[in-house]
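What follows is a set of notes on a single structure, which appears directly below.
The values are calculated or read from the model by the stated rules, or taken from the named source; none is laboratory data. What you are looking at is a predicted structure, and each value in this text was computed from that prediction instead of being measured. We place every Cβ from the backbone using ideal geometry, glycine too, and count neighbours over all the protein chains shown.
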Amino acid sequence: MLWFQHVKMALIAVLHLARDALHIHVALALFFGAMLLFGWRAGQWKPWLLVLAAALIGEAWDVYGTYTQAHVILWAESRKDILNGMFWPTAILLLARYTAVFGKRR
């Protein structure tokens with residue numbers, strides 16, 4: 001098992017989270033963390049693209065780890081993980097860009 005998967009399993013065990021919930025928490029932490037760290041706004045594409053890149057890289061590592069362990073790759077699960085992680089960052093981006101929920105509308 002890759003170190004990445006060990007860390008993921010340890011976080012799931014320590015935090016008592018489902019795998020799907022971990023994806024959501026990590027995505028939101030990356031989204032808001034990037035905004036704080038780099039001064040980006042919720043309505044910009046940059047934090048959303050960072051989360052997307054992290055989700056795709058993370059799933060690629062998962063698929064690679066599964067492949068190297070000679071397990072069956074469950075593509076539907078990978079797709080679900082990406083969609084779960086991207087749902088709230090996408091909703092926040094769209095709300096920030098196209099509504100007045102986060103302040104004045106552009």
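Filter segment 34-77 down to the residues that are among the polar types (S, T, N, Q) and farther than 15 Å from residue 8 by Cα, then identify the one that is surrounded by the most Cβ atoms within 10 Å (Cβ to Cβ). Checked segment 34-77; the qualifying residue surrounded by the most Cβ atoms within 10 Å (Cβ to Cβ) is 44. For residue 66, the conditions (1) part of a loop (DSSP other than H, G, I, E, B); (2) of a type outside the set (A, V, I, L, M, F, W, C); (3) more than 15 Å from residue 31 (Cα to Cα) all hold with the exception of (1). In segment 85-106, the residues that are closer than 10 Å to residue 48 by Cα reach residues that are outside any helix (DSSP H, G or I) and of a type outside the set (A, V, I, L, M) with C-beta atoms within less than 9 angstrom, at least six apart or across chains, in these pairs: 92/43; 92/102; 93/43; 93/44. Could you please find all residues in segment 3-24 being free of Cβ contacts under 8 Å to residues at least 12 places away in the same chain and farther than 17 Å from residue 79 by Cα? Of everything in segment 3-24, those that are free of Cβ contacts under 8 Å to residues at least 12 places away in the same chain and farther than 17 Å from residue 79 by Cα turn out to be 3, 6, 7, 9, 10, 11, 12, 13, 14, 15, 16, 17. Among the residues of segment 9-21, is any loosely packed, with under 15 Cβ neighbours inside 10 Å, at pLDDT 90 or above, hydrophobic (A, V, I, L, M, F, W, C) and over 30 Å from residue 104 (Cα atoms)? Checked against the condition, which is being loosely packed, with under 15 Cβ neighbours inside 10 Å, at pLDDT 90 or above, hydrophobic (A, V, I, L, M, F, W, C) and over 30 Å from residue 104 (Cα atoms), segment 9-21 yields no hits at all.
Within segment 39-61, does at least one residue satisfy the condition of being over 18 Å from residue 85 (Cβ atoms), without any contact (Cβ under 8 Å) to a residue 24 or more places away in the chain and either part of a helix (DSSP H, G or I) or touching a strand residue (DSSP E or B) at 6+ places or on another chain (Cβ under 8 Å) (or both)? No: zero hits.
Of all the residues in segment 75-106, those that are in contact with a helix residue (DSSP H, G or I) (Cβ under 8 Å, 6 or more places away or on another chain), of a type in the set (A, V, I, L, M, F, W, C) and either modelled with pLDDT under 85 or not in a helix (DSSP H, G or I) (or both) number 2.
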